[in-house]
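Enquirer: Before I ask anything, let me first share the structure, which is written out below as structure tokens.
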Amino acid sequence: MPVPDLGEPRMSLSTQQGDDDGQYLVMAKIDNVRNVSNILKAIHFKDTATVFASSMGFKVTVEDAKCVQANAFIQAGIFHEFVIKEEQVTFKINLTVLMDCLTIFGANPSAGSTTSLKMCYAGYGSPLTLLLEEEGVLTDCSIKTLEPDEVLDFNFCSTNVINKIIMKSECLKEAFSELDMTSDVLEIIMSPDHPYFRLSTFGYAGSAYSDFSKDSDMVESFQCDQLQTNRYKLSLLKPSVKALGLSSRISIRTDNRGFLSLQYMIKAEDGQVCFVEYYCAPDEEMDDPEY
């Protein structure tokens, strides 16, 4: 991991004029870095990520085994200053190093203090530079960027969505804690009739399941047009539990191929709303597991 360079004492980020900002294709400032680091924590299950910057903000994508993809959407409005000079800027970065730099003052600042961030990128081949400040102490970080890979296109189109449920995250978090994580797969049943929405696992101790009625107080929207039973490798879905713990609501959708979309609504500390989305391909082996 690159060692961040400690900068010389200078004026705070909030009062800096930024005379050199004109050289950057992307420049963003935020008063509380945790509004960024918490969102990225929700998709941090692999070392590298692809970053897409546009006038809408940042989209950070992480993939694994060509079967699962996580996207963190950090809207431009969450920053108090956001500048981009091209329609889209893309680069790959070591997400582990980025997370370490964003939390260089600690994941939980001392009471009453926050860490501010200025993030800049000058273009292809340039590093991502970070300037962080907490209580007058400033730290510079420079992170090497890489040639971006082509990301997967799951072709998840809203017109092909068969079933969709929106529910409060807390109840799903409880359900996940009760399922048997020794199971290879998570089976999801979505149906216009009973059991409506069921999560099942098939572990060493036998099968376990959690049911949710469409009339449950925890279910805010229930739109199921037909019975669907799909299985997904639990190892691919385990990282999404991070996003579940940070979110207040979750949208669960399946399309006509059985592909799964999990959309998490995450509120930043300043009240701004960001989103994390996971896509997962169904398990091809649909034979009944042995238990």
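The values are calculated or read from the model by the stated rules, or taken from the named source; none is laboratory data. In this text, all values refer to a predicted model and were calculated from it rather than measured experimentally. Cβ atoms come from the backbone with ideal geometry, glycine included; neighbour counts cover every protein chain shown.
Conditions tested, residue by residue: (1) more than 17 Å from Ala268 (Cβ to Cβ); (2) surrounded by 22 or more Cβ atoms within 10 Å (Cβ to Cβ); (3) of a type in the set (D, E, K, R).
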position	(1), (2), (3)
Phe52	yes, no, no
Val62	yes, yes, no
Val68	yes, yes, no
Ile74	no, yes, no
His80	no, no, no
Leu98	yes, yes, no
Phe105	yes, no, no
Ser126	yes, no, no
Leu138	yes, no, no
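Enquirer: Ok, one more. Filter region 210-227 for residues that are over 26 Å from the mean Cα position of the chain (by Cα) and either among the aromatic types (Phe, Trp, Tyr) or under 17 Å from Thr254 (Cα atoms) (or both) and give the result.
Expert: Lys214, Asp225, Gln226, Leu227
Enquirer: Let me ask something else. Is there a residue being under 17 Å from the mean Cα position of the chain (by Cα) and at pLDDT below 90 anywhere in region 247-268?
Expert: yes
Enquirer: Is it the case that some residue within region 108-115 is modelled with pLDDT under 95 and buried (at least 17 other Cβ atoms within 10 Å of the Cβ)?
Expert: yes
Enquirer: Touching a strand residue (DSSP E or B) at 6+ places or on another chain (Cβ under 9 Å) and over 26 Å from Gly245 (Cα atoms): which single residue out of Leu130, Leu172, Leu179 fits that description?
Expert: Of the residues listed, the single one that is touching a strand residue (DSSP E or B) at 6+ places or on another chain (Cβ under 9 Å) and over 26 Å from Gly245 (Cα atoms) is Leu130.
Enquirer: Right, next: For residues in region 251-279 being in a loop (DSSP other than H, G, I, E, B) and touching a Pro at 6+ places or on another chain (Cβ under 9 Å), which is farthest from His44 (Cα to Cα)?
Expert: Once the filter is applied, the top-ranked residue is Arg257.
Enquirer: Output the residue which, of all residues in region 140-161 that are out of contact with any strand residue (DSSP E or B) (no Cβ under 6 Å at 6 or more places or on another chain) and closer than 30 Å to Pro195 by Cα, is surrounded by the fewest Cβ atoms within 10 Å (Cβ to Cβ).
Expert: Thr159
Enquirer: Oh, and also: So how many residues does region 162-189 have that are crowded, with 16+ Cβ neighbours inside 10 Å, modelled with pLDDT under 90 and either acidic (Asp, Glu) or under 19 Å from the mean Cα position of the chain (by Cα) (or both)?
Expert: 3
Enquirer: Moving on. Answer with yes or no whether Tyr204 is at pLDDT 95 or above, in contact with a Ser or Thr (Cβ under 6 Å, 6 or more places away or on another chain) and among the hydroxyl-bearing types (Ser, Thr, Tyr).
Expert: It is false that Tyr204 is at pLDDT 95 or above, in contact with a Ser or Thr (Cβ under 6 Å, 6 or more places away or on another chain) and among the hydroxyl-bearing types (Ser, Thr, Tyr).
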